[in-house]
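These notes are about the structure you will find just below.
The values are calculated or read from the model by the stated rules, or taken from the named source; none is laboratory data. On a predicted model such as this, the values are computed, not experimentally measured, just so you know. Ligands, DNA and RNA are stripped out before the accessible areas are found, and what is left, the full protein with its side chains, is counted by its heavy atoms. Shrake-Rupley method; radii C 1.70, N 1.55, O 1.52, S 1.80 Å.
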Amino acid sequence: MKFTFFTTSTFSDIQEIQKNCIKKHFPNNQHIIIDGRIGWFSIWYRWLDLAKDIDSDWYIHLDEDCFITSDKGILELVEYMIKNNIDISGPPDGHFEYRSGNHMAFNSFFMIMNKKVIDTWHNRKSIPQFKKEWIKEYPFEIKNTSHYESNMEWGSSGKPVGLIWKPNTEPYYDFMWVLKDNNIIFNYLEPLFGDELQTTNLLDNTIIHMWHQRERWNENIVSILHKISNKSRFDEIIKKLNKLNNE
């Protein structure tokens with residue numbers, strides 16, 4: 001199978017680490033890095049413009065501070081997606097420690113999709129608004145529920161089934177709603193909190209997302225979730241990944 005990776009980057013020092021992780025675990029696959037230092041609210045879509053002309057089995061979008069520690073999680077996920085006719089997988093954009101967005105969208109720090117998804121975006125006729133019929137119960141344990149209670153409706157299971165959509169939350173929501181409107185099959189990955197460096201991890205910890213990358217060099221604690229300074233968090237993940245990449 002051919003994988004193509006895309007990252008919109010600020011070209012911080014961690015970009016090299018991410019590139020080395022991909023090279024180690026997917027050595028014969030392409031990693032395209034897009035200059036994201038200006039024009040963020042429109043530049044996010046640049047990777048989709050490039051993907052349109054690339055022949056690949058799977059397309060993976062990941063943020064600059066999202067790292068792959070093994071190919072195992074992705075390969076097992078692909079098998080599951082093929083078996084169950086799933087088009088795109090990623091973490092929900094709400095109801096876990098770091099995020100309070102619309103959980104029917106993905107947070108795009110990690111997404112994997114087939115060619116059908118790319119074609120659907122480029123063949124769109126319009127960009128719809130969010131529709132209530134897309135709302136489904138949040139499938140995972142809720143973290144810090146008190147943070148969200150004022151914006152939720154609750155299902156019979158006690159899990160949230162919807163919240164007030166904030167249309168300006170993320171620039172990539174338009175992408176999600178086009179896919180939903182065209183019956184693309186979504187698969188939501190459970191976001192797990194990595195206590196060691198206060199990360200969000202996916203696929204049995206084979207995907208690690210750091211958050212607060214734009215504050216890479218901040219010597220302060222930048223989030224109530226954090227135990228150490230943001231600079232220390234990134235210094236530590238670099239040490240850990242360099243060790244793994246050299247094994």
TODO: Post the alpha-carbon centroid distance, segment 73-144 to segment 44-58, in whole angstrom.
DONE: 17
TODO: Can you work out the accessible area per residue across segment 34-136, with the rest of the protein chains kept in place, probe 1.4 Å, in square angstrom?
DONE: 44
TODO: For Lys2 and Glu219, calculate 0.36 nm times their separation in residues minus their Cα-Cα distance, and state this gained length in nm to one decimal.
DONE: 74.1 nm
TODO: Tell me which label goes with the value of log10 I(q)/I(0) by the Debye sum over Cα atoms at q = 0.10, 0.13 Å⁻¹ computed from the coordinates here: (1) -0.48, -0.84; (2) -0.70, -0.91; (3) -0.67, -1.05.
DONE: (1)
TODO: Please give the length that would be gained between Ser232 and Ser42 if that part of the chain were fully extended, namely 0.36 nm times their separation in residues minus their C-alpha to C-alpha distance (nm, one decimal).
DONE: 65.3 nm
Task: segment 24-86 shape via C-alpha gyration tensor axes, a/c threshold 1.5 - done: prolate
- [ ] Determine the relative contact order of the chain: mean sequence separation of Cα pairs under 8 Å and six or more apart, normalised by residue count, in whole percent.
- [x] 21
Task: Cross-link pairs beyond the 31 Å C-alpha cut-off, checked among Lys2/Lys131; Lys52/Lys231; Lys19/Lys116; Lys23/Lys143; Lys72/Lys131; Lys72/Lys116 - done: Lys2/Lys131; Lys52/Lys231; Lys23/Lys143; Lys72/Lys131
Open item on the list: Given 4 °C and 1.567 mPa s, compute D for segment 77-124 with the Stokes-Einstein relation, Rh being the Kirkwood radius over Cα pairs; round to the nearest whole µm²/s.
Closed with: 109
- [ ] Can you send over the carbon and sulfur percentage of the accessible area for the chain, probe radius 1.4 Å, protein chains only?
- [x] 47
Open item on the list: I need the helices of the chain that pass two filters: whole DSSP H segments spanning 15 Å or more by Cα along the axis, and mean Kyte-Doolittle score no lower than -0.5.
Closed with: 72-83
Open item on the list: Please state the shape class of segment 33-126: rounded when a/c is under 1.5, otherwise prolate if a/b exceeds b/c and oblate if not, all from the C-alpha gyration tensor.
Closed with: rounded
- [ ] Assign one of three labels to segment 192-247, namely rounded, prolate or oblate, based on the Cα gyration tensor with a ≥ b ≥ c the square roots of its eigenvalues; rounded applies when a/c is under 1.5, prolate when it is not and a/b is larger than b/c, and oblate otherwise.
- [x] oblate
